[in-house]
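Trainee: Here it is, the structure in full.
The values are calculated or read from the model by the stated rules, or taken from the named source; none is laboratory data. Nothing here was measured: the structure is a model prediction, and the numbers come from that model. Positions of Cβ are backbone-derived with ideal geometry, glycine not excepted, and every protein chain shown enters the neighbour counts. When the accessible area is computed, the model is the full protein with side chains, heavy atoms only, and any ligands, DNA or RNA have been set aside. Shrake-Rupley method; radii C 1.70, N 1.55, O 1.52, S 1.80 Å.
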Amino acid sequence: CIDENLDTFDKMTSETKGGKPGTHLQNFLRGTILLSCAGLDAFLKQLIKDSLVKVKSKNDKCQSYFQKVVKKQILSAQENKYSLNKKNKEKSFTDGATFIAESLLSGNPQDFVEKYVVNRLLDDSKQSYGSLQEISQAYGLVIPILKTKEAEIRELFKMRNEISHEFDIRFQKTQGKRNRIERSRTAINLNANLIYEIADSFFQAVKSELEK
């Protein structure tokens, strides 16, 4: 999909006869990086749904992550509210005692707790370096790319946030330049490929753990 987007961009820029890409072409590049990051978010969440509980049965560090999350919820104070399913506003745990009671009365406490931990991990966007670290810790796995390309990943999400939250606007106008950050095809392509690498790195680490 990303390759197709960039191919389309190339065809569109060929019609500009060597001029700078106009606003619509810049937006096309911006949309490509947003689409790539959204795809990574969806992929990682599906990976968590499909495999985190399975890895827990094989990995002591993953088991410890589940224990840490559950202990924190049991010890939680009244103000630390958390909805198990915010979308349809089902069960809301206002304190540790309620959490324990709901768990014991569910009929399958282990399944109840596992779903709670998974849903809590799924609750936030996975489009930041910190969120990738949290997933790595949850699995109890070393994800090589998080160390070898930390700077590049942080820059990727900085770009994503500038596009998504700030619309690439330059808040300090510079005379003679456009008021929005210009994105190059090369930079977008490099970051799109980095997203593929991140997804593959997580997939291969989880796959290897499950095959043990």
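Trainee: Report the gain in length on full extension from A42 to R154: 0.36 nm times residue separation, minus Cα-Cα distance, nm rounded to one decimal.
Mentor: 38.4 nm
Trainee: Expressed as a whole percentage, what fraction of the accessible surface of segment 116-168 belongs to carbon and sulfur atoms when a 1.4 Å probe is rolled over the protein heavy atoms?
Mentor: Ligands and nucleic acids excluded, carbon and sulfur reach 47 percent.
Trainee: Keeping all protein chains in position, work out how much accessible area F203 exposes to a 1.4 Å probe, and write it in Å² to the nearest 10.
Mentor: Surface accessible to solvent at F203 totals approximately 90 Å².
Trainee: Over 21 Å between C-alpha atoms is what I'm after, so list which of K61/K207; K54/K207; K49/K147 land there.
Mentor: Result: K49/K147 exceed 21 Å.
Trainee: Roughly how many nanometres apart are two label points built 7 Å out from the Cα toward the Cβ at Y196 and L104?
Mentor: So the two model labels end up 5.3 nm from each other.
Trainee: I've got another one for you. Between I181 and K147, take the C-beta separation as r, use R0 = 22 Å, and let me know the FRET efficiency to the nearest 0.05.
Mentor: In this case the efficiency is close to 0.20.
Trainee: Keeping all protein chains in position, work out how much accessible area H24 exposes to a 1.4 Å probe, and write it in Å² to the nearest 10.
Mentor: My reading of the accessible area for H24 is about 120 Å².
Trainee: Give me the net charge of K45's neighbourhood, meaning all other residues with Cβ under 11 Å from the Cβ of K45; Lys, Arg count +1, Asp, Glu -1.
Mentor: With Lys, Arg at +1 and Asp, Glu at -1, the net is -2.
Trainee: Let me spell out the model: positive unit charges on the Cβ of Lys and Arg, negative unit charges on the Cβ of Asp and Glu, origin at the Cα centre of segment 107-212. What dipole size does that give, in debye rounded to 20?
Mentor: In total the dipole reaches around 680 debye.
Trainee: Please give the solvent-accessible surface of D95 in Å², to the nearest 10, using a probe radius of 1.4 Å with every protein chain present.
Mentor: It works out to around 40 Å².
Trainee: Per residue, how large is the accessible surface of segment 106-212? Use a 1.4 angstrom probe and give square angstrom.
Mentor: 57 Å²
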